[in-house]
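Shown next, in structure tokens, is the structure this report addresses.
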Amino acid sequence: QVQLVESEGGLVQAGGSLRLSCVDPGRTFSSYAMGWFRQAPGKERSFVAGISGSGSNTDYADSVKGRFAISRDNAKNTLYLQMSSLKPEDTAVYYCAARPYTDYSTRHYHYTYWGQGTQVTVSS
């Protein structure tokens, strides 16, 4: 069983940075590919970034390329999302997700387990 616990988000000014983390207290973390998704009010949940189980493969939505970085520490069962140069349009609830395959997917319905979600608000 995978239980994903996300860190708190927060309020940050445009241009600022924030790091999210997602911990799986279980012992199967490295067996799962992971992803970050976000959902703004009135919009569908959308892909932000994905990472393979080993951490060797990553991918990003075009809107965050060059600004966000996904990483994982399998020894600590922790997934990270480093967000820089934040924009007001990055405001959303952010979710981490896990799927029991070696590689990530950009489609939210390919993920089995989800974190509780954390609010990130970027002020202009």
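The values are calculated or read from the model by the stated rules, or taken from the named source; none is laboratory data. None of these values were measured; they are calculated from a predicted model. Cβ coordinates were reconstructed from backbone atoms using ideal geometry, including for glycine residues, and neighbour counts include every protein chain displayed. Ligands, DNA and RNA are excluded from the accessible area calculation, which covers all protein heavy atoms including side chains. Shrake-Rupley method; radii C 1.70, N 1.55, O 1.52, S 1.80 Å.
The table for this structure:
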| quantity | calculated |
| --- | --- |
| Residue in segment 103-116 that is closer than 27 Å to residue 1 by Cβ, assigned to a strand (DSSP E or B) and touching an Asp or Glu at 6+ places or on another chain (Cβ under 6 Å) present | no |
| Options 106, 102, 58; residue that is hydroxyl-bearing (Ser, Thr, Tyr), under 15 Å from residue 32 (Cα atoms) and at pLDDT below 95 | 102 |
| Those strands (runs of 3 or more DSSP E) lying entirely in segment 1-80 with at least 3 residues buried (at least 20 other Cβ atoms within 10 Å of the Cβ) and over 14 Å from the mean Cα position of the chain (by Cα) | none |
| Hits in segment 97-124 - residues which are of a type in the set (Phe, Trp, Tyr) and open to solvent by 20 Å² or more (accessible area, probe 1.4 Å) | 101, 104, 109, 113, 114 |
| Selection status of residue 94, farther than 15 Å from residue 31 by Cβ, open to solvent by 70 Å² or more (accessible area, probe 1.4 Å) and either out of contact with any Pro (no Cβ under 7 Å at 6 or more places or on another chain) or not in a strand (DSSP E or B) (or both) | no |
